[in-house]
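Student: I have a structure I would like to understand better, so I am pasting it below and will then ask my questions one at a time.
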């Protein structure tokens, strides 16, 4: 049974500090403050050299422990004089310390080898990854954090000023500060171990699934003003995305801005050809591909100009001054692109509240995991990046689709999987025409898409994100002029739906796969 001990909640004086950091930001300034306050400083390796070069009085840990760094630096702080100095309770273990010549360590400043940075490099293999796993650092950090009653630990350079200011003001560190730093330290090592775990695990969806994130920013609120919100980044994420974007102008991004912009970027990444995607409330209300970026934007906007009002506009090519001029004639929330012409940025300045996000030269979407919260846990799945090709399509009607129909069908599918289910999308000539999304009935989604598209649906392709359970959806389009239907197939009434298409002279193909998005 563990002995019940009393936690020391008093202020503590710092007499001896151990500094061992990979990121040396601010460490010289902190050490100078400690030296001015007559704190003995111990250090290791590169940190020791940096402090020495700054003319700071510092003791090498090897000199302190009377044991050299061995095994290429693998063993240097793993020593009873270090561990005992950090873990010892001043009111319980004083005799043990004296008998073993252990001196108390009151402050630890430590951060770790950048494992995530090392493993993100192309030439990194498992052997190199293993060499970049810090052992002594986490041991010291956790020992100090555990003994927060008597020891202060700092892992974040942003906290150095607070420590220095508190020492200058009171000559001591308060319990409240130590407790806060201790919590941050345990979070630091937990995150570090999680990144290592995820690097080496053999399965994406392992038995002990874990993720770690770093706060990107606090948000004014969440989806609604009464909900608090914040944005967090993947700890080792260096991808071209919304949180890593260069904000060229405009107000701070809101929760909904980030959600919609992320959706727009995901959709525009589907295309190799120049493309424009306009998103409103997480649905792609207008999408077009082509050759001329101005013409593409115009077609995407006209696909549903009513919904595009206040939307997010995304390009997969450089935004030109001509496009910027067109965009500023209407109200949109965000424009994002890999890059912008300088003249375009000057034009956008006329709309000071318009957010301009420069993403960088992003590539097509890659496989990754997405996570959703539920009560009592989370749901995790792979992102849908499945690509359909012409050979995947099974023609099931007497009437055969034209080559143009097939091209539009494959375009439509890339957009449809970014719309909320139940989803129906009508497209023609490389542009969306009408979208019915987020409906509880598939036939309702069909009617919505028809209403949105109006007369423009004639000659178009209608795609459904899941099979038609009844022929009523086909009956709904019989007089619309739609020339082709694409759907997964797999319903017990497939033949009934096929018969309806044959009856109305509409071609239909099965994809064999659905693209639900809830």
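The values are calculated or read from the model by the stated rules, or taken from the named source; none is laboratory data. Predicted, not measured: the structure shown is a model, and the values here were computed from it. Positions of Cβ are backbone-derived with ideal geometry, glycine not excepted, and every protein chain shown enters the neighbour counts.
Student: For residue 391, indicate whether it is in a strand (DSSP E or B) and outside the structural domain of residue 322 (by TED's automatic domain parsing).
Tutor: no
Student: Looking only at segment 160-180, how many residues end up being touching a residue at least 12 places away in the same chain (Cβ under 8 Å) and touching a strand residue (DSSP E or B) at 6+ places or on another chain (Cβ under 9 Å)?
Tutor: 11
Student: In segment 244-264, which residues are under 12 Å from the mean Cα position of the chain (by Cα) and either farther than 22 Å from residue 351 by Cα or assigned to a helix (DSSP H, G or I) (or both)?
Tutor: 244, 258, 259, 262
Student: Something else: Can you pull out every residue in segment 265-277 that is part of a strand (DSSP E or B) and farther than 18 Å from residue 517 by Cα?
Tutor: 275, 276
Student: OK, next. Hey, does segment 367-378 have a residue that's more than 20 Å from residue 418 (Cβ to Cβ) and over 20 Å from the mean Cα position of the chain (by Cα)?
Tutor: Looking through segment 367-378, at least one residue is more than 20 Å from residue 418 (Cβ to Cβ) and over 20 Å from the mean Cα position of the chain (by Cα).
Residue-by-condition table, conditions (1) buried (at least 18 other Cβ atoms within 10 Å of the Cβ); (2) touching a residue at least 24 places away in the same chain (Cβ under 8 Å):
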| residue | (1), (2) |
| --- | --- |
| 221 | no, yes |
| 224 | no, no |
| 229 | no, yes |
| 242 | yes, yes |
| 250 | yes, yes |
| 258 | yes, yes |
| 264 | yes, yes |
| 275 | yes, yes |
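Student: Something else about it: For residues in segment 37-52 being loosely packed, with under 15 Cβ neighbours inside 10 Å and within 11 Å of residue 24 (Cβ to Cβ), which is modelled with the highest pLDDT?
Tutor: Once the filter is applied, the top-ranked residue is 49.
Student: Does residue 67 meet the test of being on the phi < 0 side of the Ramachandran plot and either in contact with a helix residue (DSSP H, G or I) (Cβ under 6 Å, 6 or more places away or on another chain) or touching a residue at least 60 places away in the same chain (Cβ under 8 Å) (or both)?
Tutor: No.
Student: Out of curiosity, is residue 96 out of contact with any strand residue (DSSP E or B) (no Cβ under 9 Å at 6 or more places or on another chain), loosely packed, with under 14 Cβ neighbours inside 10 Å and without any contact (Cβ under 8 Å) to a residue 40 or more places away in the chain?
Tutor: So residue 96 fits the description; yes.
Student: Output the strands (runs of 3 or more DSSP E) that fall wholly within segment 282-369 and possess 1 or more residues being touching a helix residue (DSSP H, G or I) at 6+ places or on another chain (Cβ under 7 Å) and modelled with pLDDT under 95, or say none.
Tutor: By residue number, no strands (runs of 3 or more DSSP E) qualify.
Student: If I go through segment 163-208 residue by residue, how many of them are surrounded by 14 or more Cβ atoms within 10 Å (Cβ to Cβ), in contact with a helix residue (DSSP H, G or I) (Cβ under 9 Å, 6 or more places away or on another chain) and assigned to a loop (DSSP other than H, G, I, E, B)?
Tutor: So the answer is 1.
Student: Restricting the search to segment 125-155, which residues are surrounded by 16 or more Cβ atoms within 10 Å (Cβ to Cβ) and in a loop (DSSP other than H, G, I, E, B)?
Tutor: 132, 133, 134, 147, 148, 149, 150, 151, 155
Student: Looking only at segment 493-518, which residues are over 30 Å from residue 380 (Cα atoms), surrounded by fewer than 16 Cβ atoms within 10 Å (Cβ to Cβ) and under 43 Å from the mean Cα position of the chain (by Cα)?
Tutor: Within segment 493-518, just 493 meets the criteria.
Student: Go through segment 28-47 and report how many residues are part of a helix (DSSP H, G or I) and touching a helix residue (DSSP H, G or I) at 6+ places or on another chain (Cβ under 8 Å).
Tutor: Total satisfying the criteria: 7.
Student: While we're here: Which residue, of 427, 419, 409, is surrounded by 12 or more Cβ atoms within 10 Å (Cβ to Cβ), part of a strand (DSSP E or B), in the same structural domain as residue 491 (by TED's automatic domain parsing) and in contact with a strand residue (DSSP E or B) (Cβ under 9 Å, 6 or more places away or on another chain)?
Tutor: Going through 427, 419, 409 in turn, just one is surrounded by 12 or more Cβ atoms within 10 Å (Cβ to Cβ), part of a strand (DSSP E or B), in the same structural domain as residue 491 (by TED's automatic domain parsing) and in contact with a strand residue (DSSP E or B) (Cβ under 9 Å, 6 or more places away or on another chain): 427.
Student: Restricting to segment 437-455, count the residues that are in contact with a strand residue (DSSP E or B) (Cβ under 6 Å, 6 or more places away or on another chain) and either part of a loop (DSSP other than H, G, I, E, B) or modelled with pLDDT under 95 (or both).
Tutor: The total comes to 1.
Student: Within segment 311-327, track down each residue that is over 18 Å from residue 265 (Cβ atoms) and touching a residue at least 24 places away in the same chain (Cβ under 8 Å).
Tutor: 320, 321, 322, 324, 326
Student: Look through segment 472-492, keep the residues that are in contact (Cβ under 8 Å) with a residue 60 or more places away in the chain and not in a strand (DSSP E or B), and return whichever of them is nearest to the chain's Cα centre (by Cα).
Tutor: By that ranking, first place goes to 489.
Student: Is it the case that some residue within segment 102-123 is more than 36 Å from the chain's Cα centre (by Cα), without any contact (Cβ under 8 Å) to a residue 24 or more places away in the chain and either surrounded by 20 or more Cβ atoms within 10 Å (Cβ to Cβ) or assigned by TED's automatic domain parsing to the domain that holds residue 35 (or both)?
Tutor: Checked segment 102-123: at least one residue is more than 36 Å from the chain's Cα centre (by Cα), without any contact (Cβ under 8 Å) to a residue 24 or more places away in the chain and either surrounded by 20 or more Cβ atoms within 10 Å (Cβ to Cβ) or assigned by TED's automatic domain parsing to the domain that holds residue 35 (or both).
Student: Sticking with this structure for a sec: Look at segment 88-104 and say how many of its residues are under 22 Å from residue 152 (Cβ atoms) and assigned to a loop (DSSP other than H, G, I, E, B).
Tutor: Counting residues in segment 88-104 that are under 22 Å from residue 152 (Cβ atoms) and assigned to a loop (DSSP other than H, G, I, E, B) gives 9.
Student: Let me spell it out: the conditions are (1) modelled with pLDDT under 95; (2) in contact with a strand residue (DSSP E or B) (Cβ under 9 Å, 6 or more places away or on another chain), and residue 70 meets all of them except one. Which number is the exception?
Tutor: The failed condition is (2).
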